[in-house]
Each structure stands twice: as C-alpha cells, then as structure tokens.
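Peer 1: My structure is below; once you've seen it, I'll send some questions.
Taken together, the values in this text are just the output of simple stated rules run on the coordinates, not laboratory data. Here the structure is a predicted model, which is why all the values come from computation and not from measurement. Neighbour counts run over all protein chains shown; Cβ positions are idealised from the backbone, glycine included.
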Amino acid sequence: MERIMTGRFLLPVWISFLLFCPMGAADIEGWFFHDDIRRSYLLHIPPQHNGEDSLPLVISMHGYTGNAAQLATYTGMNSMADAEGFYVVYPEGTGTLQSWNAGQCCGDAVANDIDDVGFISVLIDNMVRNYVVDTLRIYVTGMSNGGMMSHRLACELSERIASAAPVAGGLMLSDWEECKPQRSVPVIHFHAVDDGVVPYYGGFLYGIDFPPIDSVMQGWAERSGCDVGPDTTDTEGAFSRRWYQSDGDAEVILWTTEDGGHSWPGRPGGSQAISANEEMWKFFEAHPMQAGEPAINERPEVIIYPLVPAVLAETVPLRFSLKHADDVTIGLYDAVGRRVADLSPGILPCGMHSIEIDCSGLSAGVYFCRLNTSSIRQTYLIKVVR
C-alpha cells in the first residue's frame, strides 16, 4: 500500500511489506518482435504473485528441436516455482527445428546468426516492466542447446544474470577468450558421464567440436577468480566438484552423474542420484546479484515531493511485518548501486515495525531501499525531486 499526502508541508509516504492474498498460479503465452522476428515465450506465475512483492525470475531454455511447453513439462520446474515463489519463463528459439545461437551450436539459429542474447535481454525488460521482478535475482538455466545458451548468457549478459545453471550443454563459443563477463558469475552445471548427445569428455560429433565439460567449468573458475578447489563431494551415483573464492562470493560447481544420459537429473528418464531442480534452486538462492552491482528492482515506485524547499525533515516511514523474531538489514543505495546509508536495526521481535528513512540530506535523484530478513527480500524505488 502506498499513500502520498500533500499540502503545505511534505508528509510521509507509507510503504507496507505486509503479505497480500495470493492471486493463484497462472500460465501466460506472450510474444513480441525482435529484429523483425516474432519471438514467443511461456510464463508461469506462482501463487505467491500479488502485484506488490518482488519475486525472483528463472529463465529456462529448451534444447534443440524442443519448445517451451515441452520443457515446462519435462523439467517440472513449475512445481518448484509454486513451492518456492518465483516466476519461470520459457522462451522459444527460432527455426523450423527450434534452436538457440549458443556459438557453434545449434541449427538455423547459428546459420542465420540470430541475436538470441539481445532477445533474452529484451525479454527480461518485458518481465520487469509487466511484473514485480527482483532484478537482483534473475537466473538462467536450460537443457542441451538451452544449457549452451545459458553459458553464453553468463558470458555476455552478466550485468543482468545473477547466476546460471546449465544442464547437459557446455560453453560453445568458438573462442573462449570472447567470454568476458562484467562480473564473476556463479555457475552450477549438471552433466552425465554417459551423455551420448553432448559428450561429457568432449569430442567431434555431428560436425561440432564439443569441449570437455571439466574444461568448461575450470574455465569458469578461472574467470571468476576462484582460488580454492576443486573440492569433491560424493553421493551415491553422482559427485560434485566445487571451486570458490577464499575471500569472495564466487562459486562454480560441476555435478556429474554416473548415468542418465542426455537428460535432466531427478526427472523421469534421468539420473535419480540428485535433483537438478533442487540443487540449482539452492544455488540460485545462495547467489543473488550483490547489492552494489548493477540491476536493482525498479518497482514499486514512491515519489517524494518536497513542496517547501526549506523543509529539512523529509522522512519516509518504512513499515513491515515480521511473523517471528528476525535479523533485519536495510540498505539505501544510489542509482549506480553505491550504499549511501545503512539503516539496519538488527534483530527485531515479531509484529509490526516502522523504520524512518531520512531523505533530508539526499540530492535529487533515484535511490533504492532494500530490506532483507530470513524470509523477505524487497527492493523499493525512491525518487527525490528537488
């Protein structure tokens, strides 16, 4: 709820973080033109969507010859979205046999040099414009050719993608030196040793030179400055290798299954040793884009109108409700992500709370206020007009 009161003096703008009644899950088919090509997508909206609270967004891309609806059914990602509360969008590739331009693969998308990176960027714009998306928590995944595209997006759209989780598809840029992310992108990859379509150990197949997946992930570890690892964790039928920074947040994980072939782990027909959905969501939750990096949620919007310039007592009461005692952190950031104030009150008891945001010393411009607890992540936009 927002309320702006005007009069002789500036009065508070109220912001509520109360939970609203869910609207129910829904599936929406959408499309728009990009580079004079009609591009389509299927969006799943979880029941937690209420038009007020910002939710994460997962972009999930189908494999070569696949489509959005098939991938949604195959991965079961919608059930995870409903349980955890995130949007999931399934974009469609191009061509008679739909594909993505991931570099050396695949199909008509490569032959026609389709700008799929640009398409996904515009798709993100549309999602943020029409839904309350937390742009610090936009993630990408995909199967096979879609997994390859996930790698490419981590390279070329790192300012928008918080982290990536490719499945059964490696980095297919012809020159890995072209992969120059603007930030360290956390990547978790899933692959079966017995994959007969995208070979785990690499090799020349279908006229394509596939790189070894181990080398792909080692490359990500080096790009991200990981100086520890790989540490190995074994479970029955699968093992993981993990690289990470000793003094930072960068992390790279390769999950290898002993069976399953060219498939999505945890789903019918795939390895049952691990669940790709569960492992990638844990990884995504642990790796949002850091505040201070680009891309902070633009919605909802609150405008402060100081009608009398001499008035210095310009404050915004930030009101929120806690279901239980929790550690609350609140940061105020300028338009480029620099922290300008730390309003963190620490551990607060259950109930309603109000924190005063002092805007009297702020110059005209756009600021982002981000509230975090163990169960709430909200970002609100404040415009100060002088």
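Peer 1: Using only alpha carbon pairs under 8 Å that are at least six residues apart, calculate the relative contact order of segment 36-146 and give it in whole percent.
Peer 2: This gives 37 percent for segment 36-146.
Peer 1: Here's a follow-up. Where does the charge balance sit around Arg241 when Lys and Arg score +1, Asp and Glu -1, over other residues with C-beta under 13 Å from its C-beta?
Peer 2: Computed value for this residue: -3.
Peer 1: Now for a separate question. Relative contact order, percent, of segment 35-286 when contacts are C-alpha pairs under 8 Å separated by at least 6 residues?
Peer 2: 15
Peer 1: Here's another thing I want to ask about it. Considering the dipole of segment 35-286 built from charges on the beta carbon (Lys and Arg +1, Asp and Glu -1) around the Cα centre, which of Ser121, Ser246, Pro212 is farthest to its positive end?
Peer 2: Checking the options against the dipole of segment 35-286, the answer is Ser121.
Peer 1: Can you list which of the GluC sites (Glu not before Pro) found in segment 89-186 are DSSP loop residues with at most 15 other C-beta atoms within 10 Å? Before the final figure, lay out each step's value.
Peer 2: Values: sites: Glu92, Glu156, Glu159, Glu177, Glu178; in loops: Glu92, Glu159.
For GluC sites (Glu not before Pro) across segment 89-186 that sit outside H, G, I, E and B with at most 15 neighbouring Cβ atoms in 10 Å, the list reads Glu159.
Peer 1: Taking a ≥ b ≥ c as the square roots of the Cα gyration tensor eigenvalues, with a/c under 1.5 meaning rounded and otherwise prolate when a/b beats b/c, else oblate, which class fits segment 172-284?
Peer 2: Numbers: a/c = 2.00, a/b = 1.16, b/c = 1.72.
The shape class here is oblate.
Peer 1: Taking the mean number of other Cβ atoms within 10 Å as a proxy for protection, how do you rank 237-246, 136-145 from highest to lowest?
Peer 2: 136-145, 237-246
Peer 1: From the Cα gyration tensor of segment 68-120, with a ≥ b ≥ c the square roots of its eigenvalues, which class applies: rounded if a/c is under 1.5, or else prolate if a/b is larger than b/c, or else oblate? Intermediate results must be reported in sequence, preceding the final value.
Peer 2: Values: a/c = 3.41, a/b = 2.25, b/c = 1.52.
Prolate, since a/c reaches 1.5 and a/b exceeds b/c.
Peer 1: Less than 24 Å apart at the alpha-carbon level, and either on another chain or at least 8 residues along: which lysines does that give for Lys323?
Peer 2: Within reach: Lys282.
Peer 1: Work out the FRET efficiency for Glu278 and Gln70 from their Cβ-Cβ distance, taking R0 = 25 Å, and round it to the nearest 0.05.
Peer 2: The calculated FRET efficiency here is 0.70.
Peer 1: Next question, about the same structure. Place the peptides 76-85, 181-190, 271-280 in order of packing, highest mean first, counting for every residue the other Cβ atoms within 10 Å and averaging per peptide. Walk me through the numbers before you get to the answer.
Peer 2: Details: 76-85: 17.9, 181-190: 23.8, 271-280: 21.1.
Listed from highest to lowest mean packing, they are 181-190, 271-280, 76-85.
Peer 1: Once a ≥ b ≥ c are taken as the square roots of the eigenvalues of the Cα gyration tensor of segment 35-286, is the result rounded (a/c under 1.5), prolate (a/b larger than b/c) or oblate (a/b not larger than b/c)?
Peer 2: Details: a/c = 1.30, a/b = 1.13, b/c = 1.15.
Note, shape of segment 35-286 comes out rounded.
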